[in-house]
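Take a look at the structure set out below.
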């Protein structure tokens with residue numbers, strides 16, 4: 001990230017003008033999180049509160065994490081971002097945006113896929129990365145972000161709550177089981193095959209391990225979409241409507257990008273068009289994607305209903 005890349009980001013990449021409430025700006029050296037935030041460093045941002053977040057970015061860099069509950073890669077990336085932000089002790093803050101609950105922000109940031117992470121410096125957006133990335137890359141990008149913020153005079157800090165500092169020094173979660181820990185470390189390193197193997201071993205030892213099953217589905221999706229070219233995948237699928245691999249590839253990319261209904265409809269249409277002996281692979285992928293989104297999600301309920309009608 002350089003001055004040139006910042007300039008490119010400011011030339012219409014994201015239009016946030018409609019989200020400005022423009023309250024009085026904080027002082028030049030210290031500032032605070034928006035009113036009602038649960039933490040001074042990590043807080044939820046909404047369509048209604050985002051004007052305060054923009055003003056906050058005039059004194060301290062704000063990292064915006066666009067995520068959703070159903071998004072497996074988000075669940076891998078968000079804890080990494082939170083950890084790095086807390087380690088920076090007030091030099092950066094993190095605003096978390098649930099794109100399902102805040103459609104105006106999702107549209108304003110042109111979030112075509114999530115996780116999507118953007119920084120705000122002096123009210124202006126700077127793209128950081130899209131998709132899950134390893135912790136080493138997060139740290140490198142944040143170091144560059146601080147340099148860029150300093151170049152533009154955004155060098156304030158947010159006071160860290162005493163309770164937050166104390167809680168950070170104490171373990172708040174039980175240790176992960178060894179195979180889960182191995183999988184998590186592999187994910188952070190971008191080694192998805194090793195993570196898949198660890199989760200598969202965990203399931204072999206305990207077939208009822210729901211967390212391992214969920215993690216396995218998420219990592220398999222990450223592995224499948226890693227390095228994929230969306231435009232090329234769509235072109236291949238359009239030219240071969242009954243090519244199972246081509247359609248599965250686009251469905252994976254759609255789901256990873258938040259286009260859940262599109263992913264389900266694509267595979268259900270394919271399932272309906274295929275002869276019965278070619279359907280099992282499509283059904284298996286549908287069931288895997290249902291598990292990633294969650295059985296209680298209304299989009300899954302609707303898609304399951306259609307799948308059942310096609311089966312019987």
If residue 44 satisfies all but one of (1) at pLDDT below 85; (2) surrounded by fewer than 19 Cβ atoms within 10 Å (Cβ to Cβ); (3) in contact with a strand residue (DSSP E or B) (Cβ under 9 Å, 6 or more places away or on another chain), what's the number of the condition it fails? (1)
Let me confirm something: among 272, 233, 228, which residue is at pLDDT 90 or above and under 20 Å from residue 72 (Cβ atoms)? 233
Please pick out the residue among 103, 23, 34 that is over 30 Å from residue 255 (Cβ atoms), surrounded by fewer than 19 Cβ atoms within 10 Å (Cβ to Cβ) and modelled with pLDDT under 90. 23
Under 20 Å from residue 55 (Cβ atoms), modelled with pLDDT of 80 or more and surrounded by 14 or more Cβ atoms within 10 Å (Cβ to Cβ): does that describe residue 91? yes
Any residue in segment 155-176 that is part of a helix (DSSP H, G or I), over 16 Å from residue 74 (Cα atoms), modelled with pLDDT of 80 or more and in contact with a strand residue (DSSP E or B) (Cβ under 7 Å, 6 or more places away or on another chain)? no
Looking only at segment 280-312, how many residues end up being more than 30 Å from residue 68 (Cα to Cα) and crowded, with 17+ Cβ neighbours inside 10 Å? 0
Would you pick out the residues in segment 55-83 that are part of a loop (DSSP other than H, G, I, E, B), surrounded by 24 or more Cβ atoms within 10 Å (Cβ to Cβ) and modelled with pLDDT under 90? 71
Note: among 232, 228, 223, 249, just one is assigned to a loop (DSSP other than H, G, I, E, B) and under 23 Å from the mean Cα position of the chain (by Cα), namely 228
Scanning segment 99-150 residue by residue, the ones that are under 17 Å from residue 53 (Cβ atoms) and not in a helix (DSSP H, G or I) total 18
Restricting attention to segment 185-202, and to residues there that are in a helix (DSSP H, G or I) and surrounded by fewer than 18 Cβ atoms within 10 Å (Cβ to Cβ), which single residue is modelled with the lowest pLDDT? 185
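Would you say residue 154 is crowded, with 17+ Cβ neighbours inside 10 Å, touching a residue at least 60 places away in the same chain (Cβ under 8 Å), more than 28 Å from residue 255 (Cβ to Cβ) and outside the structural domain of residue 297 (by TED's automatic domain parsing)?
When the stated conditions are applied, residue 154 passes them.
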Between residues in segment 201-212 that are more than 14 Å from residue 291 (Cα to Cα) and residues that are modelled with pLDDT under 90, which pairs lie under 6 Å by C-beta distance while being six or more apart or on different chains? 202/209; 202/212; 203/209; 203/212
Does residue 126 satisfy being in contact (Cβ under 8 Å) with a residue 60 or more places away in the chain, within 26 Å of residue 219 (Cβ to Cβ), crowded, with 23+ Cβ neighbours inside 10 Å and touching a strand residue (DSSP E or B) at 6+ places or on another chain (Cβ under 6 Å)? no
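Scan segment 106-123 for residues that are under 13 Å from the mean Cα position of the chain (by Cα), surrounded by fewer than 21 Cβ atoms within 10 Å (Cβ to Cβ) and either free of Cβ contacts under 8 Å to residues at least 60 places away in the same chain or within 13 Å of residue 73 (Cβ to Cβ) (or both) and jot them down.
Listed by number, the list holds a single entry, 113.
The values are calculated or read from the model by the stated rules, or taken from the named source; none is laboratory data. These numbers come from a predicted model, not from an experiment. In this analysis, Cβ positions are derived from the backbone assuming ideal geometry, glycine residues included, and neighbour counts consider all displayed protein chains.
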